[in-house]
Amino acid sequence: MLKVLGERCAGCGACAQVCSQGAIEMQPNKEGFWYPQIIRERCIDCGRCYNVCPWIDMGDSSLFHPSPRVAYAIKSKSRDIQMQATSGGLFAELARKFIAAGGVAYGAGYNSSFQVRHLRTASMEETEQLSGSKYVQSFMGSVYALAKQDLQQGKKVLFSGTACQIAGLRKYLVKDYENLLCVDVICHGVPSPRIWEYYVEKQEKRGGKILEIIHRGKTIGGWSWRKQFFYLVFADGKVLRENIWENAYMLGFLKDLYLRPSCHECMFKRLDKRRVSDITLGDYWGCEDIEPDFFDASGVSLAIMNTLKGEQCLNEVENISKKVTNLEKAVSYNIAVMYSYRRMLARAYFFRKFHSQMSLEEFGRLVDTCVRLVGYENSLRKLCDYPRRILGKLKRMCLGIGAKS
């Protein structure tokens with residue numbers, strides 16, 4: 001599998017879960033990302049791993065839904081849910097709806113060591129584990145198999161994840177289930193679990209046991225891409241609170257220093273043809289400009305309906321306020337819906353210099369150095385691009401393209 005896909009592999013783990021012989025294990029590479037490893041003595045060459053992989057056959061049209069139907073600006077009517085959520089609280093309200101109907105919800109949550117894993121939840125209390133963004137690639141374990149069991153038993157299943165994880169689930173299931181609702185998050189890219197686990201370990205060595213982590217916390221009136229905070233709450237009552245643009249871990253993520261290689265060429269970014277879920281969900285950046293009468297400084301979700309099922313399910317959620325919005329304008333403020341972020345040269349420098357024995361201060365200095373390198377690279381790219389644009393303009397002038405008569 002790894003030889004076939006190389007860095008295109010997104011680590012969804014569908015191949016490992018579908019293997020009846022246990023011949024595939026997901027193992028971390030030196031950067032900390034999980035890749036499938038085949039145990040040759042167990043493999044019977046059945047080919048199921050190839051058939052389930054979304055990336056080997058990207059021409060499988062059944063995996064993708066038609067163009068998005070409509071987009072909504074949404075916020076929970078519960079201020080508590082809205083404030084606990086990363087954006088407007090729609091996912092929490094969806095999860096509560098499914099649980100209330102006797103169903104289950106799947107999504108990313110922490111284990112006791114604050115490693116990020118995909119979890120199955122079946123109670124209102126458990127769904128709180130899934131609230132809020134976790135900017136780490138979540139380990140899938142056996143959740144596809146668990147979800148299939150729930151679906152076959154007739155339970156309503158809400159499954160959330162990145163688009164690549166949704167693609168892995170749908171290929172694993174083979175067929176569509178009426179009692180399944182898939183929600184993918186607008187994804188910047190997934191950072192390395194190795195870097196995250198290093199960061200948590202170093203913080204605990206410095207400050208003691210961590211009780212709570214919030215990657216993007218809010219203050220009242222503080223929901224904006226510049227005014228969100230990274231929180232660590234320690235057992236002794238101390239709190240680390242830093243702006244996400246000042247926290248070393250979050251800054252390295254936002255500057256693309258340790259994203260999974262496949263994230264730089266994501267196969268699911270095109271809005272018109274690459275939607276694999278029923279609903280695409282994320283922050284409604286720019287809401288204050290596009291929908292000023294609906295904007296809420298405590299957070300607004302952008303929900304893109306990709307299927308009729310998604311829209312029908314949304315209409316059944318009662319505890320939300322919603323408004324149809326302009327999809328084209330909305331995604332212009334959140335380019336992660338459409339485009340992958342460039343793989344910067346500074347990424348290679350970061351992984352060459354990073355080691356798990358370095359202090360948090362050294363880690364912070366490394367991130368700062370790489371951020372400066374990113375700035376230099378962007379400036380150089382613009383400088384190199386300038387002559388090309390001038391030549392293009394000169395060519396159009398000489399050929400009379402666009403000239404008025």
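Set side by side, the residues GLU311, GLU318, GLU246 differ, and just one is in contact with a strand residue (DSSP E or B) (Cβ under 7 Å, 6 or more places away or on another chain), of a type outside the set (Val, Ile, Thr), farther than 30 Å from ILE56 by Cβ and not in a strand (DSSP E or B), which is GLU311. For segment 127-168, the candidate set comprises residues that are free of Cβ contacts under 8 Å to residues at least 24 places away in the same chain and not in a loop (DSSP other than H, G, I, E, B); within that set, the residue that is surrounded by the fewest Cβ atoms within 10 Å (Cβ to Cβ) is GLN152.
Matching residues to (1) modelled with pLDDT of 95 or more; (2) under 23 Å from GLY32 (Cβ atoms); (3) in contact with a Pro (Cβ under 7 Å, 6 or more places away or on another chain); (4) of a type in the set (Phe, Trp, Tyr):
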position: SER113; (1), (2), (3), (4): no, yes, no, no
position: ARG120; (1), (2), (3), (4): yes, no, no, no
position: THR127; (1), (2), (3), (4): no, no, no, no
position: LYS134; (1), (2), (3), (4): no, yes, no, no
position: ALA147; (1), (2), (3), (4): yes, no, no, no
position: ASP150; (1), (2), (3), (4): yes, no, no, no
position: VAL157; (1), (2), (3), (4): yes, no, no, no
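With respect to (1) more than 28 Å from ILE24 (Cβ to Cβ); (2) surrounded by fewer than 24 Cβ atoms within 10 Å (Cβ to Cβ); (3) under 21 Å from the mean Cα position of the chain (by Cα), the lone exception for PRO193 is condition (1).
For segment 307-317, the condition of being farther than 23 Å from HIS65 by Cα, of a type outside the set (Ser, Thr, Tyr) and either loosely packed, with under 14 Cβ neighbours inside 10 Å or not assigned by TED's automatic domain parsing to the domain that holds GLU246 (or both) holds for none of the residues. The residues of segment 123-175 that are under 19 Å from the mean Cα position of the chain (by Cα) and of a type in the set (Phe, Trp, Tyr), listed by number, are TYR135, PHE139, TYR144, PHE159.
Looking at SER87, is it part of a loop (DSSP other than H, G, I, E, B), buried (at least 21 other Cβ atoms within 10 Å of the Cβ) and on the phi < 0 side of the Ramachandran plot? Yes; evaluated as a whole, the condition is true for this residue.
The values are calculated or read from the model by the stated rules, or taken from the named source; none is laboratory data. Note that the structure is a prediction, hence the values are computed from the model and not measured. FYI the Cβ positions are ideal-geometry reconstructions off the backbone, even for glycines, and counts take in every protein chain you see.
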